[in-house]
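J.: Below you'll find the structure I mean.
The values are calculated or read from the model by the stated rules, or taken from the named source; none is laboratory data. Small disclaimer: the values here were computed from a predicted structure and weren't measured. Ideal geometry is used to build each Cβ from the backbone, glycine not excepted, and the neighbour counts take in all protein chains shown.
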Amino acid sequence: MMKVIPLSSGVIFKRAFSRPEVFQEFVKDVLDITIEIDQVHTEYEYPKPVGFVRSRYDLFAEDPQQRIIVEIQHIQEEDFFDRFLYYHLISLVEQINDSNEYHFNRAVYTIIVLTSVPRDGSVNFSCAISEMNPISEHGETINLYPHRLVFLCPRLVNEETPPRIRKWLDFIQDSLDGKMEESVYPDESFRRILGDIYTENLDPGLLAQLKDESAWVKAVQRYQAEGREEGEKRKALETAQKMRDKGYSAEEICELTGVSPTELL
């Protein structure tokens, strides 16, 4: 059993999946397409700004025909689905930013990897694909646009998860507790990733990045928790006021809502 840095870490995920050979295998299994690349960019931004919201892509690669984006998303935010639709569309719009014609030179594929499950239950799948092809009144899909937006959730793998995708999701999920059995993964791509996430192989610079990332994640989680507590307190006070208007006693209100006598005044 080897100790690893979980692939829920954006820093370590980018280190492992920025290897061109690993990236290509991942894309081949998830999208069923073959790409030829010699570089994977991390924290990529387009040279010229597009739109009014800054877009920075965790992992970005393209060959002459296809543009592939992979995002690792650990902290769920309220604008989650809208934000990544925006990222996906920006990578389409950017292609015609300096053109007089509406023509997309490259197909755009965006893969979002979710290593935690939103509290609101909006994700209850291991794999979900959004395509842009129109469907006629006859139920026929008209194949006009190859572009796809794919969401993957390792924590929710099930019997219906496509096998080629499942092997990657199982691997990511296995890493999340910080321990992995090396002998279970003879595949060359997985062996490369294991080498990148093995704790003994981390240099001081990468360890410093991991510490910064951990501090940021904890700060965001604390902020979100404080926001939830504030919202719950506000709801309790609103309920207490309604109960008072209906004639409940102060003692009953405090007992049922948790609001203190001083807050009730």
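J.: Could you grab me the full set of residues in region 1-25 that are closer than 13 Å to T199 by Cβ, buried (at least 19 other Cβ atoms within 10 Å of the Cβ) and either aromatic (F, W, Y) or over 19 Å from the mean Cα position of the chain (by Cα) (or both)?
T.: Listed by number, the list holds a single entry, V4.
J.: Do we have I75 as modelled with pLDDT of 90 or more and out of contact with any Leu (no Cβ under 8 Å at 6 or more places or on another chain) here?
T.: Numbers: modelled with pLDDT of 90 or more: no; out of contact with any Leu (no Cβ under 8 Å at 6 or more places or on another chain): yes.
Criteria not met by I75.
J.: Just checking, how many residues over region 106-117 are within 17 Å of N133 (Cα to Cα) and in a loop (DSSP other than H, G, I, E, B)?
T.: Looking only at region 106-117, we keep the residues that are within 17 Å of N133 (Cα to Cα), and these are 106-110.
Next cut, in a loop (DSSP other than H, G, I, E, B) only: 106.
Counting residues in region 106-117 that are within 17 Å of N133 (Cα to Cα) and in a loop (DSSP other than H, G, I, E, B) gives 1.
J.: Step by step: first the residues of region 26-63, then only those that are under 17 Å from Y87 (Cβ atoms) and of a type in the set (S, T, N, Q), then the one that is surrounded by the fewest Cβ atoms within 10 Å (Cβ to Cβ). Which residue is that?
T.: T42
J.: Every residue in region 163-180 that is over 13 Å from L114 (Cβ atoms) and of a type in the set (S, T, N, Q), please.
T.: S175
J.: Related question: Working only within region 22-58, note down all residues that are part of a helix (DSSP H, G or I) and modelled with pLDDT under 90. Let's see the steps before the verdict.
T.: First pass over region 22-58, keeping only residues part of a helix (DSSP H, G or I): 22-31.
Scanning region 22-58 gives no hits.
J.: Residues in region 219-229: is at least one part of a helix (DSSP H, G or I) and either acidic (D, E) or modelled with pLDDT of 65 or more (or both)? Explain how you work it out, then say what you get.
T.: Of the residues in region 219-229, the ones part of a helix (DSSP H, G or I) are 219-229.
Okay, now just the ones that are also either acidic (D, E) or modelled with pLDDT of 65 or more (or both), so 226, 229.
Yes, region 219-229 contains a residue that is part of a helix (DSSP H, G or I) and either acidic (D, E) or modelled with pLDDT of 65 or more (or both).
J.: Please indicate, with yes or no, whether at least one residue in region 90-100 is in the same structural domain as N158 (by TED's automatic domain parsing), in a strand (DSSP E or B), closer than 24 Å to T34 by Cα and over 14 Å from the mean Cα position of the chain (by Cα).
T.: Quick first cut of region 90-100, residues in the same structural domain as N158 (by TED's automatic domain parsing) only: 90-100.
Pick out the ones that are also in a strand (DSSP E or B) and you get none.
No, region 90-100 contains no residue that is in the same structural domain as N158 (by TED's automatic domain parsing), in a strand (DSSP E or B), closer than 24 Å to T34 by Cα and over 14 Å from the mean Cα position of the chain (by Cα).
J.: Please work out if H103 is closer than 26 Å to T34 by Cα, in contact with a helix residue (DSSP H, G or I) (Cβ under 7 Å, 6 or more places away or on another chain), exposed (fewer than 15 other Cβ atoms within 10 Å of the Cβ) and modelled with pLDDT under 95.
T.: yes
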